[in-house]
1. Out of the residues in the stretch 123-147 that are over 21 Å from ARG176 (Cα atoms) and open to solvent by 30 Å² or more (accessible area, probe 1.4 Å), state the one that is nearest to the chain's Cα centre (by Cα).
2. If you go through the stretch 118-136, how many residues are in contact (Cβ under 8 Å) with a residue 40 or more places away in the chain and charged (D, E, K, R)?
3. Among the candidates ILE65, ILE69, single out the residue that is touching a Phe, Trp or Tyr at 6+ places or on another chain (Cβ under 8 Å) and assigned to a strand (DSSP E or B).
4. On the given criteria, is SER96 under 19 Å from SER48 (Cα atoms) and either among the polar types (S, T, N, Q) or touching a helix residue (DSSP H, G or I) at 6+ places or on another chain (Cβ under 8 Å) (or both)?
5. Quick check, is GLY122 touching an Asp or Glu at 6+ places or on another chain (Cβ under 7 Å), on the phi > 0 side of the Ramachandran plot and among the small types (Gly, Ala, Ser)?
6. Would it be correct to say that VAL151 is aliphatic (A, V, I, L, M), surrounded by 16 or more Cβ atoms within 10 Å (Cβ to Cβ) and either in contact with a strand residue (DSSP E or B) (Cβ under 8 Å, 6 or more places away or on another chain) or free of Cβ contacts under 8 Å to residues at least 12 places away in the same chain (or both)?
7. Every residue in the stretch 56-77 that is under 13 Å from the mean Cα position of the chain (by Cα), more than 16 Å from MET43 (Cα to Cα) and open to solvent by less than 40 Å² (accessible area, probe 1.4 Å), please.
8. So which residues in the stretch 58-72 are at pLDDT below 95 and among the charged types (D, E, K, R)?
Amino acid sequence: MKTRFMSIFLPLIGISILLMGCERASQPVGMLPTTDTKQANAMIGALSDSGVTGMAVFTQNGDQITVLIEVQGASPGLHGVHIHAYGDCSAPDGTSAGGHWNPTDVAHGKWGEGEFHLGDIGNITVGADGTGNITLTTDLWEIGTGSDVDVVGKSIIVHADADDFVSQPSGNAGARIGCGVIVLAE
């Protein structure tokens, strides 16, 4: 039985592999599938001796960009997380990052509900161990294009309090306790 299997199916498997290879080899180089994957990162450092650290990773796949933000050393509860206008974390209180990134010039709000800044990511839930993460996927941002909606050159800010999604212009999220400049990954 085993010999019969091998004599019938192995040649068929070999022919299939050969045909797949020929099909791929016959495609012009410009016709091969391409990926539009780009990445940008921000190392989040503590502001005002908060002890908050973390990382934000922006990954583009086609026209979709997903950001994953992870923090450590934060107090348990909700903390507003936003993209701010300037890639500058030099001020001890984070004010050098400017206000929320808002290239569309609309009111502050909750992502995906009515008006919201392109920098209005939302609230990150931090557990008793001081860690938390948040993920958001959108086609409203770009990475490394230099356009008005390019996240590179901006900052990620972690706030002391939750974003209420209503108060203008920044959701009453309190002090800035973490900051990281968004840079193009190499």
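The values are calculated or read from the model by the stated rules, or taken from the named source; none is laboratory data. Just so we're clear, the structure is a prediction, and the values are computed from it rather than from any experiment. Cβ sites come from the backbone with ideal geometry, for glycine too, and all protein chains shown count toward neighbours. Just so you know, the surface numbers come from the protein's heavy atoms only, side chains and all, with ligands and any DNA or RNA stripped out. Shrake-Rupley method; radii C 1.70, N 1.55, O 1.52, S 1.80 Å.
1. Looking only at the stretch 123-147, we keep the residues that are over 21 Å from ARG176 (Cα atoms), and these are 137-147.
Narrowing the set further to residues that are open to solvent by 30 Å² or more (accessible area, probe 1.4 Å) leaves 137, 139-140, 142, 144-147.
Details: THR137: 7, ASP139: 11, LEU140: 12, GLU142: 11, GLY144: 13, THR145: 16, GLY146: 17, SER147: 17 Å.
Applying the filter and picking the extreme gives THR137.
2. Here is the first cut: in the stretch 118-136, the ones in contact (Cβ under 8 Å) with a residue 40 or more places away in the chain are 120-128, 130-136.
This time we only want the ones that are charged (D, E, K, R), so: 120.
Going through the stretch 118-136 one residue at a time, the tally reaches 1.
3. Working: ILE69 fails: touching a Phe, Trp or Tyr at 6+ places or on another chain (Cβ under 8 Å).
Only one candidate qualifies: ILE65.
4. Details: under 19 Å from SER48 (Cα atoms): yes; either among the polar types (S, T, N, Q) or touching a helix residue (DSSP H, G or I) at 6+ places or on another chain (Cβ under 8 Å) (or both): yes.
Yes: the conditions hold for SER96.
5. Numbers: touching an Asp or Glu at 6+ places or on another chain (Cβ under 7 Å): yes; on the phi > 0 side of the Ramachandran plot: yes; among the small types (Gly, Ala, Ser): yes.
Yes, satisfied.
6. It is true that VAL151 is aliphatic (A, V, I, L, M), surrounded by 16 or more Cβ atoms within 10 Å (Cβ to Cβ) and either in contact with a strand residue (DSSP E or B) (Cβ under 8 Å, 6 or more places away or on another chain) or free of Cβ contacts under 8 Å to residues at least 12 places away in the same chain (or both).
7. Those that are under 13 Å from the mean Cα position of the chain (by Cα), more than 16 Å from MET43 (Cα to Cα) and open to solvent by less than 40 Å² (accessible area, probe 1.4 Å): GLN60, ILE65.
8. ASP63, the sole residue that qualifies.
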